[in-house]
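Here's the structure, in structure tokens; my notes come after.
The values are calculated or read from the model by the stated rules, or taken from the named source; none is laboratory data. Model, not experiment: these values are computed from the prediction. A quick note on method: Cβ atoms are made from the backbone with ideal geometry, for glycine too, and the neighbour counts reach across all protein chains shown. The accessibility values were calculated without ligands, DNA or RNA, using every heavy atom of the protein model including side chains. Shrake-Rupley method; radii C 1.70, N 1.55, O 1.52, S 1.80 Å.
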Amino acid sequence: MELSTSDTKAQSKARIRVLIADDHVTVREGLAAIVGRQPDMVVIGAAANGKDCVDLWLQHRPDVTLLDLRMPVLDGIGAIEAIRRDTPSALLIVLTTFGTDHDICAAIKAGAKAYMLKDAQREELLDCIRAVHAGETRIPPLLVAKLAAEVSGETLTNRELEVLALLARGRSNKNIALRLSISETTVKSHLRSVFNKLRVLSRTEAIAEASRRGLIRL
């Protein structure tokens, strides 16, 4: 039996309209194929960078958006913030390879309703899309633990982050002091604070923990 035009429109409207944003074409096309095969979903657009993601969102106003964190022109966090400035209730799912404490916390604070890693099973992803569309928030248990650790920890100041970044490059206290135009005593004071906040005892541990949290890029 053929469907009438009104029936076809009703079915299309009932589907979850999904926007995909990822700078890797194979990932983008793969996600579009997976989502597009679902009887209750339809892909309404695909973007290769954060700016295009925002533009397509404003044009099509999808039900759910899947987006990566690391994208050119505008990253995932910037895209989430831009979309939510227009519509605070927008449903956005971060799908990325990055699972550091800092990335998770930044995405959730920006307004993501779910955070998934790209190695998740296909059914997990599809279930997540449906759950977020239904009003749920989805963060895998392992990532919840990381998020809790980040939220409960003390935040490093901008100066402490600068000292930490130079430390990661192998700079001595004297060199750090010269570069930041502060005294070596002040550098040592900042390092003590960094060690306390990161709950570490050495420079090596501080660099490793900061990298794990996404505070520095090695």
The distance between the Cα centres of the range 91-139 and the range 186-211, in whole Å, is 30 Å
What FRET efficiency comes out for Val27 versus Thr157 if R0 is 30 angstrom and r is the Cβ-Cβ distance? Round to the nearest 0.05.
0.25
Quick one: how many lysine pairs in the chain have C-alpha atoms under 19 angstrom apart, if they're 8 or more apart or on different chains?
6
For Val73, the net charge from surrounding residues (Cβ-Cβ under 12 Å; K, R +1; D, E -1) works out to -2
How large is the charge dipole for the chain, taken about the Cα centre, if only the Cβ atoms of Lys, Arg (+1) and Asp, Glu (-1) carry charge, to the nearest 20 debye?
820 debye
If I compute Rg/Rh (Cα atoms, Kirkwood Rh) from the structure I just sent, which labelled value in (i) 0.94; (ii) 1.10; (iii) 1.05 lines up?
(ii)
Rounded if a/c is under 1.5, else prolate if a/b beats b/c, else oblate: with a ≥ b ≥ c from the C-alpha gyration tensor eigenvalues square-rooted, which is the range 54-133?
oblate
Take the chain, connect every pair of alpha-carbon atoms lying under 10 Å apart with a spring to form a Gaussian network, then pick out the residue of Asp68, Asp119, Asp52 with the largest mean-square fluctuation.
Asp119
Under a crude label model (7 Å from the Cα following the beta-carbon direction), how far is Arg179 from Thr204 in nanometres?
2.1 nm
Net charge of Cβ neighbours under 10 Å - reference Val94; Lys, Arg +1; Asp, Glu -1:
-1
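Work through the residues other than Gly111 whose Cβ is under 13 Å from its Cβ and net out their charges, Lys, Arg +1 and Asp, Glu -1.
With Lys, Arg at +1 and Asp, Glu at -1, the neighbours total +2.
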Can you tell me, using C-alpha contacts under 8 Å and at least 6 residues apart, the relative contact order of the chain as a whole percent?
14 percent
For the chain, whose charge dipole is built from +1 on Lys and Arg Cβ atoms and -1 on Asp and Glu Cβ atoms, the candidate among Leu95, Ala21, Leu69 with its Cα farthest towards the positive end is Leu69
Ordering Ser181, Ser189 by the accessible surface of their heavy atoms, 1.4 Å probe, largest first, yields Ser181, Ser189
